[in-house]
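Colleague: One structure, as structure tokens, below. Some questions next.
The values are calculated or read from the model by the stated rules, or taken from the named source; none is laboratory data. As the structure is a computational prediction, the values presented were derived from the model and not from experiment. Glycine also receives a Cβ, built like all others from the backbone with ideal geometry; neighbour counts cover every protein chain displayed. All accessible areas refer to the heavy atoms of the entire protein, side chains included, with ligands and DNA or RNA removed. Shrake-Rupley method; radii C 1.70, N 1.55, O 1.52, S 1.80 Å.
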Amino acid sequence: ALDRYAREVSPTKRGQRWEMLRLAMIGRTPLAGIKLSELLPEHIAYWRDERLKNVTGSTVNRELNLLSHVFSVAAREWRWLTKSPTSDVRRPKESPPRDRLITQKEIERLLLASGWDDGNPVRNKTHAVVVAFLFAIETAMRAGEICGLARTDIIGRVAYLQMTKNGSARQVPLSSRAIELLGYLPVTENTLFGVTPSQL
């Protein structure tokens, strides 16, 4: 079921890479060795408890959501099950939200370590990463959104994002500082920052 879902369903999603990695990880656990006809909520609960020893409740919930969808597709479309074994499994508590802000001292240490002087043009990838980081603080944009940003996406004081994580377009108003940071980047025909999300 995990393999078929990875082949047929995951490629239709924007987050297919991460989903396929999660499916492969689940496929290496003892859970994957149980026949679907013998799979019970107790098996899922045991897997959940083992995962909670290594990851947060939020991560386990994301993985449970994926498993739940795998089993729903297996039941509705493939007729391999009559009911999803995840439906009776208690979900762990979500992790508390992050409420920490980066301090000015941390920003100054980052600037010092990168060798970039605020106000000077970006001359290398390290400088671009630092400017992207500062731009993220100003805009609250995700790494993928920032790295995919092209000069044509900036119109006036607004960044127009064609495709976001949830699959829809949105507009991000830009502060004076965000506009200033963009001015330090070299003019290219490609993406503004010239770095990938993994580099960032």
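Colleague: Protein chains only, probe 1.4 Å: how do 117, 49 rank by accessible area, largest first?
Modeller: Output order, biggest surface exposure first: 117, 49.
Colleague: Okay, next question. Which whole-number percent is the relative contact order of the stretch 131-194 (Cα, under 8 Å, 6+ apart)?
Modeller: Value for the stretch 131-194: 38 percent.
Colleague: Given the alpha-carbon gyration tensor of the stretch 102-200, what are the semi-axes of its equivalent ellipsoid in whole angstrom, ordered largest first, with each equal to the square root of 5 times an eigenvalue? All intermediate terms of the calculation are to be shown ahead of the outcome.
Modeller: Values: eigenvalues 92, 40, 35 Å².
Equivalent-ellipsoid dimensions as semi-axes: 21, 14, 13 Å.
Colleague: Would you kindly state the longest site-free stretch of the chain, with sites defined as trypsin sites (Lys or Arg not before Pro) in a DSSP loop (not H, G, I, E, B) surrounded by at most 13 other Cβ atoms within 10 Å?
Modeller: The segment 166-200 is the longest one with no such site.
Colleague: Considering only DSSP states other than H, G, I, E and B, which GluC sites (Glu not before Pro) in the stretch 1-97 qualify as loop sites with at most 15 other Cβ atoms within 10 Å? Display every interim value, and only then the final one.
Modeller: Values: sites: 8, 19, 38, 42, 50, 63, 77, 94; in loops: 77, 94.
Loop-located and lightly packed - 77, 94.
Colleague: If you roll a 1.4 angstrom probe over the protein chains with everything in place, what fraction of the accessible area of the chain belongs to carbon and sulfur, to the nearest %?
Modeller: Reported share for carbon and sulfur atoms: 53 percent.
Colleague: Let me ask you something else. Step through the residues of the stretch 31-42 one at a time and calculate ³J(HN,Hα) from phi using the Karplus curve (6.51 cos²θ - 1.76 cosθ + 1.60, θ = phi - 60°), rounding each to whole Hz and writing x for Gly and Pro.
Modeller: 4, 6, x, 8, 5, 4, 5, 10, 6, 10, x, 4
Colleague: From the Cα gyration tensor of the stretch 1-86, with a ≥ b ≥ c the square roots of its eigenvalues, which class applies: rounded if a/c is under 1.5, or else prolate if a/b is larger than b/c, or else oblate?
Modeller: It is oblate, given that a/c is not under 1.5 and a/b is not larger than b/c.
Colleague: Further, regarding this structure: Report the relative contact order of the stretch 47-188, percent, no decimals, based on alpha-carbon pairs under 8 angstrom and at least 6 residues apart.
Modeller: Once divided by the residue count of the stretch 47-188, the mean separation gives 16 percent.
Colleague: Let me ask something else. Could you please state, rounded to a whole Å, how far the C-alpha centre of the stretch 33-66 is from the C-alpha centre of the stretch 69-121?
Modeller: Here the answer is 18 Å between Cα centres.
Colleague: Can you compute 3J(HN,Hα) from phi for each residue in the stretch 103-111, using the Karplus curve 6.51 cos²θ - 1.76 cosθ + 1.60 with θ = phi - 60°, rounded to whole Hz and x for Gly and Pro?
Modeller: 8, 4, 4, 5, 4, 5, 5, 5, 4
Colleague: Okay, next question. Among rounded, prolate and oblate, which fits the chain when a ≥ b ≥ c are the square roots of the eigenvalues of its C-alpha gyration tensor, a/c under 1.5 means rounded, and a/b larger than b/c means prolate?
Modeller: Prolate is the answer for the chain, as a/c is 1.5 or above and a/b outweighs b/c.
Colleague: For the stretch 137-154, just list the computed ³J(HN,Hα) in residue order, Karplus coefficients 6.51, -1.76 and 1.60, θ = phi - 60°, integers in Hz, with x standing in for Gly and Pro.
Modeller: Coupling constants for the stretch 137-154: 4, 6, 10, 6, 7, 6, 4, x, 5, 5, 5, x, 5, 10, 4, 6, 7, 9 Hz.
Colleague: Could you pull out every one of the aspartates and glutamates with an alpha carbon less than 19 Å from that of residue 93, ignoring same-chain neighbours closer than 8 positions?
Modeller: Those aspartates and glutamates meeting the cut-off are 42, 49, 50, 63.
Colleague: Continuing with this model, one more query. GluC sites (Glu not before Pro), restricted to the stretch 101-200: which are DSSP loop and have at most 15 other Cβ atoms within 10 Å?
Modeller: Here the sparse-neighbourhood loop sites are 189.
Colleague: Find the accessible area per residue for the chain; the probe is 1.4 Å, ligands and nucleic acids are left out, and the unit is Å².
Modeller: That works out to 63 Å² for each residue.
Colleague: Where a ≥ b ≥ c are the square roots of the eigenvalues of the C-alpha gyration tensor, would you call the stretch 32-136 rounded, which needs a/c under 1.5, or, failing that, prolate if a/b is larger than b/c, or oblate?
Modeller: Because a/c hits 1.5 or more and a/b exceeds b/c, the stretch 32-136 counts as prolate.
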